[in-house]
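The values are calculated or read from the model by the stated rules, or taken from the named source; none is laboratory data. Remember, predicted model here, so these are calculated numbers, not experimental data. Counting neighbours? That spans all protein chains shown, and the Cβs are built from the backbone with ideal geometry, glycine included. Side chains are part of the model used for accessible areas, which takes the heavy atoms of the whole protein and leaves out ligands, DNA and RNA. Shrake-Rupley method; radii C 1.70, N 1.55, O 1.52, S 1.80 Å.
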Amino acid sequence: MTKQRRTIVVFALIGAVLGAALGFLLAPRSHWYQASANVALLPAPDLTTEQSSAFWEVLTRGQVSRTAAVLFNDPRWIPSAANAAKVPQADLSLSAAALPDTTIVVVTVVAHSADAAEAGLNDVLNRATPDVASLAAPYAVKVLWPPQNNALPLPSPRRSQVGAALALGGLLIGGGVGWFFTRSRGRRNDAASGRPVREEVLPGL
């Protein structure tokens, strides 16, 4: 290995080590929490068996649950939910989706803390459910209330993943710096010795 190549390798390794260390230090921790609840749409409890069977057939087509999901997802619930969570509206997000092949709608609130996510979710369910029930009539809307402390942190990149990514970046940057360093030093040496300055092209680079 030539002296120039050794210099490039040393710079590259230094860059990789610094990048890995920086990645472990700056790896983000999860600052978002998600609270979710299931809402079931069911035939009214006072129906006969024959009537209930017909209602189930309509429910399984999915149109009723999709309509309910759209209403639960309405942005008009966000101001009240943010107020209940004691956070700015921009720090809280709401989503609702109908589970395929079921009569279940999943309502989800995401916020910067577990308490805020749970408070926002409870507010949305309390305020939106009466409107959903009115729209979905004659179907019944049953909220499956989640237990307390149900909010979960959203996954974030692991430190090892961030460290590996920055190590690779440091390796490339360090190698580039090393190449420019050897090139610049070669030019200075040529100038000092009185030789014509020439472009250096390292084999294999």
Expressed in µm² per second, the diffusion coefficient of the stretch 70-148 from the Stokes-Einstein equation, with Rh the Kirkwood radius over alpha carbon pairs, at 10 °C and 1.306 mPa s, is 124
Accessible area per residue, 1.4 Å probe, Å², for the stretch 46-118: what's the number?
-> 55
Counting Lys and Arg as +1 and Asp and Glu as -1 over every other residue whose Cβ sits under 12 Å from the Cβ of Ala68, the net charge comes to 0
Charge context of Asn126, other residues only, Cβ under 15 angstrom, K/R +1, D/E -1 | -1
Between Arg66 and Asp46, take the C-beta separation as r, use R0 = 22 Å, and let me know the FRET efficiency to the nearest 0.05.
-> 0.30
